[in-house]
Amino acid sequence: MEFPVRPAKLERFMDDQAVLARIAPNPAVAQMHRDLERFYREQLDQALRLI
């Protein structure tokens, strides 16, 4: 099955957002990165269910 984005890449995006949330300059930016991490986690979960 062909994925638009490989699961490994989604996992990397998720990890990157977690790091960026920790080093964010203010709480609003940290929350944005946590939201993006959650989004990538949901996308990864969906991709892994298709396998």
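In nanometres, what is the gap between the two model label sites at Ile51 and Ala8, each 7 Å from Cα along Cα-to-Cβ?
Going from the Ile51 label point to the Ala8 one covers 1.1 nm.
Relative to the first principal axis of the alpha-carbon coordinates of the chain, what is the inclination of helix 7-22, with its axis defined by its Cα atoms, in degrees from 0 to 90 and to the nearest 10?
Tilt of helix 7-22: around 10 degrees.
Evaluate the charge dipole of region 1-46 about its Cα centre and quote only its size in Debye, nearest 20, assuming +1 on the Cβ of each Lys and Arg and -1 on the Cβ of each Asp and Glu. Walk me through the intermediate numbers first.
Numbers: 7 positive and 8 negative charges, 26 e Å.
Using Cβ point charges on Lys, Arg, Asp and Glu, region 1-46 gives about 120 debye.
Volume per residue, Å³, of the convex hull around the alpha-carbon atoms of the chain?
Values: hull volume 2.7 nm³, N = 51.
Looking at the chain, the number lands at 54 Å³ per residue.
How far is helix 27-50 tilted, in degrees, relative to the longest principal axis of the Cα atoms in the chain, given as a value from 0 to 90 rounded to the nearest 10?
Result, in degrees: 10.
Within the accessible area of the chain, what % is carbon and sulfur when the probe is 1.4 Å and the other protein chains stay in place?
56
The values are calculated or read from the model by the stated rules, or taken from the named source; none is laboratory data. Predicted model only: the values in this text are computed from it and were never measured. Quick reminder, even Gly has a Cβ in these numbers, built from the backbone with ideal geometry, and neighbours come from all protein chains shown. The accessibility values were calculated without ligands, DNA or RNA, using every heavy atom of the protein model including side chains. Shrake-Rupley method; radii C 1.70, N 1.55, O 1.52, S 1.80 Å.
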